[in-house]
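Presented below is the structure to which this report refers.
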Amino acid sequence: MQGLFVTGTDTGVGKTVLSAALLAAMSRAGEAVMAYKPAVTGLDEQAESGPAQPWPPDHELLGAAADMAAEGVAPRRYGPAASPQLAAELAGERLDRRELLVTAAERAASAAREERTLIVEGVGGLLSPLADELSVCDLAVALRLPLLIAARAGLGTINHTLLTLQAARAASLNVRAVVLTPWPQQPSRLEQYNLEAITRAGFVEVCTLPHAEGPQIAELARIGAALPWQRWLGRRPAVALPA
């Protein structure tokens, strides 16, 4: 099975934009793709933001980028802005560890059968709880997909990113890269220093994802096109033949 698991150093660090950019860029390159996110929370807050809110909920954005129904991307959707475990509890439900693992495995098997590249987006940070005795990290381990870590470019990112790398490697996850997002057109000395420090101290490739002007698929494909996703998938990019 071909795919990538996108996690983050925290919530709100750009996981969904990174995931959607990968899906859009892959699709534009002729790749058959599939998106999966075990749960989406915080839908109440997005609804309250009103029609001026330009970005759709995570599952809708990922669905649009993968040409899938939004409900097919995230089987569990909750209003409160909380961990999936707590959001489910507030909704009078309970997330079951075995059910989450089985559902994820079924999605992975479906992607493999249909020869689609699977992009899985986690929820919150790598150690965020999904259910009793099940974290995002546990789910990533179960799926055995290479890992991308979305991280902020600004102040505080070094510690958060190195801790996430440490947790990922302790779980024997295959970290392909850290992606700093959004990366400004003219990075400050602080942002450039952060990139260099994470590369050096984390012994990891650090890439950057530019700011997306909006949720349009063409814009997401544009910013995702520069990411070395073919190499992250273990392939060699096609070599252009001379005209």
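Grab the beta carbon distance between E93 and R169, set R0 = 41 Å, and tell me the FRET efficiency rounded to 0.05.
0.75
Taking H placed 1.01 Å from N in the peptide plane, check which residues at least 5 places from G8 or on another chain put their amide H under 5 Å from its amide H.
L126, A150
What is the extension gain from R189 to R231, computed as 0.36 nm multiplied by their sequence separation minus the C-alpha to C-alpha distance, in nm to one decimal?
Residue separation times 0.36 nm, minus the Cα-Cα distance, leaves 12.2 nm.
Would you mind counting up the charge near A39? Only other residues with Cβ under 9 Å from its Cβ, with Lys and Arg at +1 and Asp and Glu at -1.
Net charge in that neighbourhood comes out at +3.
For the chain, what does the alpha-carbon gyration tensor say about shape, rounded, prolate or oblate, given a ≥ b ≥ c as the root eigenvalues, a/c under 1.5 as rounded, and a/b over b/c as prolate?
Details: a/c = 1.30, a/b = 1.20, b/c = 1.08.
Rounded, because the longest to shortest axis ratio a/c is under 1.5.
Taking θ = phi - 60°, what integer Hz values does the Karplus form 6.51 cos²θ - 1.76 cosθ + 1.60 yield along region 118-129, in sequence order, with x for Gly and Pro?
Computed from phi, the couplings for region 118-129 are 9, 10, 9, 10, x, 10, x, x, 5, 9, 5, x Hz.
Let me make sure I get this right: for region 110-243, a, b and c are the square roots of the gyration tensor eigenvalues over alpha carbons, sorted descending. Under 1.5 in a/c it's rounded, otherwise prolate if a/b > b/c, else oblate. Which is it?
Oblate.
Calculate the spin-label point distance for S110 paired with R144, positioning each point 7 Å from the Cα along the beta-carbon direction, and give it in nanometres.
A separation of 2.1 nm, rounded to one decimal place.
Residue separation times 0.36 nm, minus the C-alpha to C-alpha distance between A197 and L127: what's the value?
Difference between extended and current length: 22.9 nm.
What's the ranking of 106-115, 126-135, 59-68 by average number of surrounding C-beta atoms within 10 Å, highest first?
Output ranking for 106-115, 126-135, 59-68: 59-68, 126-135, 106-115.
May I ask you to order 83-89, 211-217 by the average number of other C-beta atoms within 10 Å around their residues, highest value first?
Listed from highest to lowest mean packing, they are 83-89, 211-217.
List every residue whose amide H lies under 5 Å from the amide H of V40, counting only residues 5 or more places away in sequence or on a different chain, with H placed 1.01 Å from N in the peptide plane.
Long-range HN contacts for V40: R76, R77, Y78.
Here, each number is a calculation from the coordinates, and none is a lab measurement. This one's a predicted model, so the numbers in the text were calculated from it and none came from an experiment. Counting neighbours? That spans all protein chains shown, and the Cβs are built from the backbone with ideal geometry, glycine included.
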